[in-house]
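Visitor: There's a structure below that I have some questions on.
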Amino acid sequence: MASRNSPLFEITPQMLLRAYACGIFPMAESADDPQLYWIEPQERGILPLDAVNIPRRLARTVRQGRFDVAVDTDFEGVIDGCAAPRPGRRSTWINSQIRNLYRELFRQGHCHTVEVRLDGKLIGGLYGVALGGAFFGESMFSTERDASKVALVHLCARLIAGGFSLLDTQFVTDHLSQFGTKEIDKAEFQSRLQAAMEQPASFGRMQAGTQPEKILRIVAAAADAADA
């Protein structure tokens, strides 16, 4: 389901948070379109945090620690990267209203970024919104192989360590499916969302600079606990 906001109706950060709590998120038709669509998919993509699959080659890349990973240090760089044209996509849905809304949510501590750097240069990352024990992934980018995937692995470990139970990916893509994302229907998503919203969680519980090997252990331990 999608509905377009009225140009006379201003969306505020507080309104945006209420929409997330109801399972709705915004998108724009293009970067030049001043209006937003409210999206509520009938089938929702999620990545179960107790069943994250890390491909073997990617696990080696994470373990090598060749990338520097940080959180919440460069909102502008991450959203610029997510909005930049890329092969097969000349336009983006991140317009000026999206930038302004999430910039304010970042300032308030609701929006978070994971940044991946190589030799000091930002080469990948992602951003999303945290509410209770739910994290709503918005977008990711990569200019070097595996950079956004490494960001996602670090995000999963941080969410697990912080007590989150829901990672909303909005949709299932080829890029995400290798990690174990799956589609659930709207009713099941709403049930999981309400349960997650009621639980305490902290995006900052895991220390910055956590070693790559520990990142992998955190993700593996969550899957092992679920299988026990």
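The values are calculated or read from the model by the stated rules, or taken from the named source; none is laboratory data. Here the structure is a predicted model, which is why all the values come from computation and not from measurement. Don't worry about glycine lacking a Cβ; one is built from the backbone with ideal geometry, like all the others, and counts go over all protein chains shown. What goes into the accessible areas is simple: the full protein's heavy atoms, side chains included, and nothing from ligands, DNA or RNA. Shrake-Rupley method; radii C 1.70, N 1.55, O 1.52, S 1.80 Å.
Visitor: Pick from region 208-225 the residues that are open to solvent by 70 Å² or more (accessible area, probe 1.4 Å) and either polar (S, T, N, Q) or in contact with a helix residue (DSSP H, G or I) (Cβ under 7 Å, 6 or more places away or on another chain) (or both): which of them is nearest to R60 (Cα to Cα)?
Guide: It comes out as E213.
Visitor: Moving on to the next point. Looking at region 14-30, which of its residues are over 14 Å from E138 (Cβ atoms) and modelled with pLDDT of 90 or more?
Guide: Within region 14-30, Q14, M15, R18, A21, C22, G23 qualify.
Visitor: When region 114-123 is examined, which residues are found to be surrounded by 24 or more Cβ atoms within 10 Å (Cβ to Cβ) and either without any contact (Cβ under 8 Å) to a residue 12 or more places away in the chain or farther than 14 Å from T61 by Cα (or both)?
Guide: Within region 114-123, V114, E115 qualify.
Visitor: Step by step: first the residues of region 15-30, then only those that are within 21 Å of E198 (Cβ to Cβ) and in a loop (DSSP other than H, G, I, E, B), then the one that is least open to solvent (accessible area, probe 1.4 Å). Which residue is that?
Guide: G23
Visitor: How many residues does region 112-131 contain that are out of contact with any Gly (no Cβ under 7 Å at 6 or more places or on another chain) and farther than 17 Å from G65 by Cβ?
Guide: Within region 112-131, residues that are out of contact with any Gly (no Cβ under 7 Å at 6 or more places or on another chain) and farther than 17 Å from G65 by Cβ number 4.
Visitor: Quick one: how many residues across region 61-112 are within 18 Å of A157 (Cα to Cα) and surrounded by fewer than 12 Cβ atoms within 10 Å (Cβ to Cβ)?
Guide: The number of residues fulfilling the criteria is 1.
Visitor: In addition: Any residue at all in region 31-41 that is open to solvent by 70 Å² or more (accessible area, probe 1.4 Å) and at pLDDT 85 or above?
Guide: Applying the first criterion (open to solvent by 70 Å² or more (accessible area, probe 1.4 Å)) to region 31-41 yields 32, 34.
Remaining after also requiring at pLDDT 85 or above: none.
No; the residues of region 31-41 include none that is open to solvent by 70 Å² or more (accessible area, probe 1.4 Å) and at pLDDT 85 or above.
Visitor: Provide a single number: the residues in region 185-196 that are surrounded by 14 or more Cβ atoms within 10 Å (Cβ to Cβ) and more than 16 Å from F135 (Cα to Cα).
Guide: So the count comes out to 1.
Visitor: Which of the residues belonging to region 141-169 are buried (at least 19 other Cβ atoms within 10 Å of the Cβ) and either touching a Pro at 6+ places or on another chain (Cβ under 8 Å) or at pLDDT below 95 (or both)?
Guide: Selection gives L167 alone.
Visitor: Go through (1) over 16 Å from the mean Cα position of the chain (by Cα); (2) at pLDDT 95 or above; (3) open to solvent by 50 Å² or more (accessible area, probe 1.4 Å) for Q199 and report which single condition fails.
Guide: It fails just one condition, (2).
Visitor: Just to be sure, is A157 over 18 Å from C22 (Cα atoms), in a helix (DSSP H, G or I) and aliphatic (A, V, I, L, M)?
Guide: Considered against the rule, which asks whether it is over 18 Å from C22 (Cα atoms), in a helix (DSSP H, G or I) and aliphatic (A, V, I, L, M), A157 comes out as yes.
Visitor: With respect to the numbered conditions (1) in contact with a Cys (Cβ under 6 Å, 6 or more places away or on another chain); (2) within 25 Å of P212 (Cβ to Cβ), which one is the sole condition not fulfilled by L105?
Guide: Exception for L105: condition (2).
Visitor: Another question about this same structure. Could you tell me how many of the residues in region 130-170 are under 19 Å from Q207 (Cα atoms) and of a type in the set (A, V, I, L, M)?
Guide: Selection size over region 130-170: 10.
Visitor: Give all pairs with beta carbons closer than 9 Å in which a residue from region 53-78 that is free of Cβ contacts under 8 Å to residues at least 12 places away in the same chain meets a residue that is not in a helix (DSSP H, G or I); count only pairs at least 6 apart in sequence or on separate chains.
Guide: Going by the 9 Å Cβ cut-off, the qualifying pairs are R57/D146.
Visitor: A further question follows. Residue check: is T61 in a helix (DSSP H, G or I) and hydroxyl-bearing (S, T, Y)?
Guide: When the stated conditions are applied, T61 passes them.
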